[in-house]
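Written out below as structure tokens is the structure these notes cover.
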Amino acid sequence: MAVSEEDEFGEFVAMRSTALLRLAVLLTGGDRHAAEDLLQIALMKAYGRWGRIEQPEAYIRQVMYRQQVNRWRLRRHRAETSVSVLPDAPQTADAAEGSELRIALWAALGRLTQRQRTVLVLRYFEDLSESEVAALLGCAVGTVRSTAHRSLAKLRTMVPELGPEESLGQAQLLGYAPKGVRG
């Protein structure tokens, strides 16, 4: 890799690693260590191809999605890991507003299966269409649709404050801006 490409990669990592780590934390269900590993693997794969990647963030996100899918497909059945400390989120005008709901949602997301959590993160946090999620996960659109439906129903059961009529808006509840609003 040329020196200029190394500098460009370093700048990219410095600018986007926090947002990518938040995505990794969501994909791993709040397991910060697994999220850091997931991001590190994606960055290592990107580093080797840096000069040939046209859209670096999209490439790294794709690697993270696929790596996480491989993780839950190949993983042995074991209990979910609970975390006591939530990742940092940007502060709003009133940091306490909605914090109980965010905490409840974080806990509920951690109790979903990895497949359910991955579908919800891709569908609502990343704002991907059902067909895009299906292509990333290597499954049928109907599978994505039914998994999202069941996962949302399960979340609403675990967090009754969401209510059946509200749309979840996970990104706002978790304190993050939607994909199109990121800086």
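The values are calculated or read from the model by the stated rules, or taken from the named source; none is laboratory data. None of the values given here were measured: they were computed from a predicted structure. Counting neighbours? That spans all protein chains shown, and the Cβs are built from the backbone with ideal geometry, glycine included. We work out accessible area using only protein heavy atoms, side chains counted, and drop any ligands, DNA or RNA first. Shrake-Rupley method; radii C 1.70, N 1.55, O 1.52, S 1.80 Å.
Using a 1.4 Å probe on the protein chains only, how many percent of the accessible area of the range 1-70 belongs to carbon and sulfur? Provide the component values of the computation, followed by the final result.
Numbers: 1790 of 3640 Å².
Ligands and nucleic acids excluded, carbon and sulfur give 49 percent.
Could you please state how large a percent of the accessible area of the range 105-147 is carbon and sulfur, counting protein chains only and using a 1.4 Å probe?
Numbers: 810 of 1560 Å².
Summing carbon and sulfur atoms, their accessible area is 52 percent of the total for the range 105-147.
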note = Expected unfolding gain across Ala107-Glu5 under the 0.36 nm per residue rule, minus the alpha-carbon gap, is 32.7 nm
remark   = Scoring only Lys, Arg, Asp and Glu (+1, +1, -1, -1) among other residues with Cβ under 11 Å from the Cβ of Ile41 yields +1
query = Excluding ligands and nucleic acids, what accessible area in Å² is computed for Arg22 using a 1.4 Å probe, to the nearest 10?
reply = 60 Å²
ask   = Roughly how much of Lys45 is accessible, in Å² to the nearest 10, using a 1.4 Å probe?
value = 90 Å²
ask   = Excluding ligands, DNA and RNA, what is the solvent-accessible area per residue of the range 6-70 at a probe of 1.4 Å, expressed in Å²?
value = 50 Å²
query = Roughly how much of Ser99 is accessible, in Å² to the nearest 10, using a 1.4 Å probe?
reply = 40 Å²
